[in-house]
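What follows is a single structure, written as structure tokens, with notes after it.
The values are calculated or read from the model by the stated rules, or taken from the named source; none is laboratory data. Just so we're clear, the structure is a prediction, and the values are computed from it rather than from any experiment. Using ideal geometry, Cβ is built from the backbone for each residue, glycine included, and neighbour counts are taken over all protein chains shown. Surface areas here come from the heavy atoms of the whole protein model, side chains and all, with no ligands, DNA or RNA. Shrake-Rupley method; radii C 1.70, N 1.55, O 1.52, S 1.80 Å.
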Amino acid sequence: MKRGLLAAVLLFSGCSAPDQTDSSETAPASSSIQTKVAADNLEVPWTIAKQDESFFITERKGTIIQIDGDGKKKRMELQLNEPVLHEGEGGLLGFVLDDAFSKSKLAYAYHTYLKKGKIMNRIVQIKKQQDIWRETKELLADIPGGSIHNGGRLAIGPDGKLYAAAGDAGVKESAQDKQQLSGKILRLTVDGSVPEDNPFNGSYVFSYGHRNPQGMAWDTNGTMYAAEHGQSAHDEINRIEAGKNYGWPLIEGEEHKAEMEAPLIHSGEETWAPSGIAYSSGRLFIATLRGEKLLSLDLQQKELSVPLENAGRLRDVYVNGKYVYVATNNTDGRGTPSEEDDRLLILPNDAASK
């Protein structure tokens, strides 16, 4: 089916819900679920965040798009002390709003930069000042980077701590070295210090043995999950615990080794290239790049369904009440853009969760 057409069979109840942007067009997708377009003509979007009626979406070149409740878009400049390096898989990646954003106007961003000729990543606090975001504090710098495997996802956990997914930057051995920040999930306070209850004294490292993690989410019990790109297929969804070793590069997929964690599920010989994930009502939604599908994982049964496909590469997914929002990533140089790509798509949560 041509991607500009919709194979929808389920009625979607318009766009009048208070937590949904105004939208009237159908999405460039094939699905058993009616899908809407909340925004189009995005430029390599990476992270979806939402506050009240507004979405904030990072674009890898170093800008942040605000999409208001009426569907109006505003592309905002990001002023940083170190310029964003948009090269390979790097750029402006993770972004999360402060828990008190409505008053503080603060957020946190993960981006690639160049330091003395070396590609690195850093985490910064930024503040929205009218139509510009400005860096207010560097929280953590010198996270190893590269043209590949920068990781990049940020999330604030139920404990109020800031979590960062850092890839191995193409140096796989670093994932097992707890003295390095690459190939890890990192945990820090929102002011950039090392939490006293981190598993390794004085270290930001929360878990290790990761190849290229790009999604993090928690269920209602506080259990943490992460999505990780495998080397050749064998993409993983892991249940993350403090101090645990997730095996890369020594094991992946069905392989086992003492004192290393096996994945909750993995893709076998299929390639998903999972990126952003989100939790809702016993399920994980998983945005996939190579797989070009939104996956829905029933965590109890460990069964997968496909609420959305044929929209191209999917970078992030966000769940808010009745709706699931997905950002396509077809303009990143690896996809096949259709007219008006990239887009923010909307699906009804009740249908997507079946």
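Computed values, structure above
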quantity	calculated
Cα radius of gyration and Dmax for the chain (Å)	18.9, 55
Over 30 Å between alpha carbons, listed pairs LYS74/LYS302; LYS115/LYS161; LYS178/LYS257; LYS184/LYS257	LYS74/LYS302
Cα-projected label distance for THR189 with LYS72, points at 7 Å along beta-carbon direction, nm	4.0 nm
Candidates LYS50, LYS161, LYS118: whichever shows maximal mean-square fluctuation once the chain is modelled as a Gaussian network with Cα springs under 10 Å	LYS118
Global size of the stretch 290-354 as Cα Rg and Dmax, reported in angstrom	12.4, 39
Probe 1.4 Å, protein heavy atoms only - accessible area per residue of the chain in square angstrom	41 Å²
Calculated FRET value between SER305 and LYS115, using beta carbons and R₀ = 41 Å, to 0.05	0.40
Whole-angstrom Cα spans of the stretch 175-253 along principal axes, big to small	37, 32, 17
Residues of the stretch 279-304 with amide N under 20 Å of a point placed 7 Å along Cα→Cβ from ILE148	288-292
Under 29 Å from the Cα of LYS73 - lysines, other chains or at least 8 residues apart	LYS2, LYS36, LYS50, LYS61, LYS103, LYS105, LYS127, LYS128, LYS137, LYS293, LYS322
Burial ranking of peptide ranges 306-314, 196-204, 330-338 (average Cβ count within 10 Å, highest at the top)	306-314, 330-338, 196-204
Debye log10 I(q)/I(0) at q = 0.15, 0.17, 0.21, 0.22 Å⁻¹ for the stretch 131-272, Cα point scatterers	-0.70, -0.89, -1.32, -1.44
Dipole magnitude (debye, nearest 20) for the chain, charges at Cβ of Lys, Arg, Asp, Glu	540 debye
Extension reserve of the GLU87-THR220 stretch, reckoned as 0.36 nm per residue once the Cα distance is removed	44.2 nm
Highest-first arrangement of 36-45, 205-214, where packing means the average Cβ count within 10 Å	205-214, 36-45
Cα-centred dipole magnitude for the stretch 221-312, charges only on beta-carbon of K, R (+1) and D, E (-1), debye, nearest 20	300 debye
Mean separation of Cα contacts under 8 Å, 6 or more apart, over the residue count of the chain: relative contact order %	14 percent
Separation between Cα centres of the stretch 50-73 and the stretch 127-201, rounded to whole Å	23 Å
